[in-house]
Amino acid sequence: MGAATTRACTNQAFNGTFLQGVSVTLAQSGSSFQMATADVDSSRRCNWTGTYPQDGQVGRVGGNYSCSTGETGTFRFFEIQSSMSGIMGRLSYRGHVDDLQTSSRRW
């Protein structure tokens, strides 16, 4: 489950904070990072690729993403920590599709 916030949309109805179920698959090898996300309540699928440097006990990634909806943009996934129970981090991305301008998520 992720909390998402959208802002700066021309249509003000798209702005706000909401919870969204997301299935996430991660792959990391050296500095190469890949992530695939699938929104549980829609058919939206996204692929995220970037470069992963370790920052002490946490990691961060910067790169590009594209979605099945036609949305494309850049992202930062930061304060990444993994444990036996899962992964946590903050995802900030800037993209464009239709009226949506900027979004961020926290997992």
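Numbers at a glance
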quantity: Number of positions in the range 72-98 that are surrounded by 15 or more Cβ atoms within 10 Å (Cβ to Cβ) and either touching a residue at least 40 places away in the same chain (Cβ under 8 Å) or within 23 Å of Thr10 (Cα to Cα) (or both); calculated: 7
quantity: Considering residues of the range 7-32 that are at pLDDT 90 or above and part of a strand (DSSP E or B) only, the residue surrounded by the most Cβ atoms within 10 Å (Cβ to Cβ); calculated: Leu26
quantity: Per-region count, the range 65-84, residues among the small types (Gly, Ala, Ser) and either closer than 14 Å to Val24 by Cβ or touching a Leu at 6+ places or on another chain (Cβ under 8 Å) (or both); calculated: 1
quantity: Extreme residue, farthest from Gly73 (Cα to Cα), among residues of the range 33-59 that are loosely packed, with under 13 Cβ neighbours inside 10 Å and without any contact (Cβ under 8 Å) to a residue 24 or more places away in the chain; calculated: Gly56
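To keep it simple, each residue is scored yes or no on (1) under 14 Å from the mean Cα position of the chain (by Cα); (2) among the aromatic types (Phe, Trp, Tyr); (3) under 14 Å from Tyr93 (Cβ atoms).
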| site | (1), (2), (3) |
| --- | --- |
| Arg7 | no, no, yes |
| Thr17 | no, no, no |
| Gln20 | yes, no, yes |
| Arg45 | yes, no, no |
| Ser66 | yes, no, yes |
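The values are calculated or read from the model by the stated rules, or taken from the named source; none is laboratory data. None of these values were measured; they are calculated from a predicted model. Here Cβ is always computed from backbone atoms with ideal geometry, including for glycine, and neighbour counts include all displayed protein chains.
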